Amino acid sequence: MFKKGLIAAVVCMSSVSVCYAWPSLPSLPGVGSSSGSSSTSSFSASDVDSFIAQGKATSKLVSDSKMHIAMAIATKESKDKLTDSQNQIKAGLANNDKTTTDKEQKLAEAVDASLKESENDAAASDRLKGLSADQKQSVINAFYNLLLGIKQQSVQVVTGENILKGIKSNPTLLLRASDMKDALGDMGSNIKSEGEFMARIPALFKGAGIVPVLPTDASDKPKDVSSTF
């Protein structure tokens with residue numbers, strides 16, 4: 001995760017729903033296209049800022065999509081715990097609580113744990129099966145968004161690595177190298193997890209008679225996931 005505001009900034013989460021308002025992402029060479037090509041010769045502080053902003057947006061897309069799927073699959077007990085964590089984060093952000101970042105990290109870990117537990121839960125597919133048609137479509141869209149975010153970050157990583165190489169030779173930007181490394185590390189973790197999600201979530205979908213839809217290109221747009229559970 002990025003260090004700040006990944007779960008609650010821009011996206012508003014209620015106790016049972018996630019409401020998306022996707023911003024226009026800043027443009028960078030190689031980001032938003034499948035080529036990922038970029039020169040290392042001339043990068044500015046604004047390029048670094050734009051890259052980090054894009055990384056935060058796509059990491060949020062990934063984390064919020066996982067949350068949406070977890071809420072659809074989880075038992076009532078797990079759902080209540082996730083909701084409580086959400087509320088604590090929202091309160092922390094409102095009060096500038098310095099522990100909010102740690103709470104965001106713990107929530108991300110709890111979401112991953114919930115998804116992993118569902119893999120071995122025979123009732124998880126039944127819970128998916130019991131969703132309404134709109135809810136099932138929302139879960140399909142969340143899985144689409146999850147893979148889209150990872151696909152976009154696969155492109156962004158190439159650009160980020162080029163920027164990092166460029167600023168290392170620029171004394172005025174050298175202090176931003178740690179920010180770039182943090183962003184690239186978060187993206188790398190998401191990309192590495194793609195195979196795990198491709199093996200786990202479609203299997204749950206199959207048991208519930210749900211057919212996933214996959215993004216075809218990094219330039220695709222996120223889909224609506226406004227249903228509640």
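Determine which single condition SER178 fails, assuming it passes every other condition in (1) surrounded by fewer than 21 Cβ atoms within 10 Å (Cβ to Cβ); (2) under 20 Å from the mean Cα position of the chain (by Cα); (3) within 30 Å of SER42 (Cα to Cα); (4) of a type in the set (Gly, Ala, Ser).
(2)
Name the residue, out of ILE140, ILE201, ILE163, ILE150, that is farther than 17 Å from THR58 by Cβ, touching a residue at least 24 places away in the same chain (Cβ under 8 Å) and crowded, with 22+ Cβ neighbours inside 10 Å. Explain how you work it out, then say what you get.
Details: ILE140 fails: crowded, with 22+ Cβ neighbours inside 10 Å; ILE163 fails: farther than 17 Å from THR58 by Cβ; ILE150 fails: farther than 17 Å from THR58 by Cβ.
None of the other options fit; the residue is ILE201.
Can you run down the residue pairs with Cβ atoms below 6 Å, 6 or more apart or on separate chains, where the first is in the range 90-106 and farther than 20 Å from SER59 by Cα and the partner is at pLDDT below 85 and in a helix (DSSP H, G or I)?
Hits for this filter: GLY92/THR100.
Hey, could you check the range 212-222 for residues that are surrounded by fewer than 18 Cβ atoms within 10 Å (Cβ to Cβ) and in contact with a helix residue (DSSP H, G or I) (Cβ under 7 Å, 6 or more places away or on another chain) and say which is farthest from LEU148 (Cα to Cα)?
At the first step, the residues of the range 212-222 found to be surrounded by fewer than 18 Cβ atoms within 10 Å (Cβ to Cβ) are 212-214, 216-217, 219-221.
Filter again for in contact with a helix residue (DSSP H, G or I) (Cβ under 7 Å, 6 or more places away or on another chain), leaving 212-214, 220.
Values: PRO212: 13, VAL213: 11, LEU214: 8, ASP220: 7 Å.
Per the stated criteria, the residue is PRO212.
Collect the residues in the range 136-150 that are β-branched (Val, Ile, Thr) and within 13 Å of the chain's Cα centre (by Cα), keeping them in residue-number order. Reasoning before the result, please.
Just the residues of the range 136-150 that are β-branched (Val, Ile, Thr), to begin with: 139-140, 150.
Within the range 136-150, just ILE150 meets the criteria.
Would you mind finding the one in ASN141, ASN162 that is touching a Lys or Arg at 6+ places or on another chain (Cβ under 8 Å) and of a type in the set (S, T, N, Q)? Full working, then the answer.
Values: ASN162 fails: touching a Lys or Arg at 6+ places or on another chain (Cβ under 8 Å).
None of the other options fit; the residue is ASN141.
Answer yes or no: is there a residue in the range 156-175 that is of a type in the set (Ser, Thr, Tyr), in a helix (DSSP H, G or I) and more than 30 Å from ALA72 (Cα to Cα). Please lay out each step first, then the result.
Here is the first cut: in the range 156-175, the ones of a type in the set (Ser, Thr, Tyr) are 159, 169, 172.
Still in the list and also in a helix (DSSP H, G or I): 159.
Going one step further and asking which of them are more than 30 Å from ALA72 (Cα to Cα), we end up with 159.
Checked against the condition, which is being of a type in the set (Ser, Thr, Tyr), in a helix (DSSP H, G or I) and more than 30 Å from ALA72 (Cα to Cα), the range 156-175 yields at least one hit.
Working carefully through the options PHE143, PHE43, find the one that is among the aromatic types (Phe, Trp, Tyr) and assigned to a loop (DSSP other than H, G, I, E, B).
Values: PHE143 fails: assigned to a loop (DSSP other than H, G, I, E, B).
Checking each option against the conditions leaves just PHE43.
Each row is one residue, and each column tells you yes or no for (1) at pLDDT 90 or above; (2) more than 20 Å from GLU194 (Cα to Cα).
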residue: LEU61; (1), (2): yes, no
residue: ILE73; (1), (2): yes, no
residue: LEU82; (1), (2): yes, yes
residue: GLN86; (1), (2): no, yes
residue: ASN96; (1), (2): no, yes
residue: GLU104; (1), (2): no, yes
residue: SER125; (1), (2): no, yes
residue: LYS129; (1), (2): yes, yes
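Taking the range 29-57 as the region of interest, how many residues are of a type outside the set (Lys, Arg) and modelled with pLDDT of 50 or more?
Filtering the range 29-57 down to residues of a type outside the set (Lys, Arg) leaves 29-55, 57.
Filter once more, so that each one left must be modelled with pLDDT of 50 or more: 41-55, 57.
Qualifying residue count, the range 29-57: 16.
Given LEU204, LEU214, LEU184, which one is at pLDDT 90 or above and in contact with an Asp or Glu (Cβ under 8 Å, 6 or more places away or on another chain)? Break it down stepwise before answering.
Working: LEU204 fails: at pLDDT 90 or above; LEU214 fails: in contact with an Asp or Glu (Cβ under 8 Å, 6 or more places away or on another chain).
Every option except LEU184 fails the conditions.
Just the residues that are part of a loop (DSSP other than H, G, I, E, B) and either on the phi > 0 side of the Ramachandran plot or surrounded by fewer than 18 Cβ atoms within 10 Å (Cβ to Cβ) (or both), please, taken from the range 69-124. Working first, answer last.
Pass one, the range 69-124, residues part of a loop (DSSP other than H, G, I, E, B): 74-75, 95-99, 120-123.
Result: THR75, ASN95, ASN96, ASP97, LYS98, THR99, ASN120, ASP121, ALA122, ALA123.
The values are calculated or read from the model by the stated rules, or taken from the named source; none is laboratory data. Just so we're clear, the structure is a prediction, and the values are computed from it rather than from any experiment. As a convention, Cβ positions derive from the backbone with ideal geometry for all residues, glycine included, and neighbour counts pool all protein chains shown.
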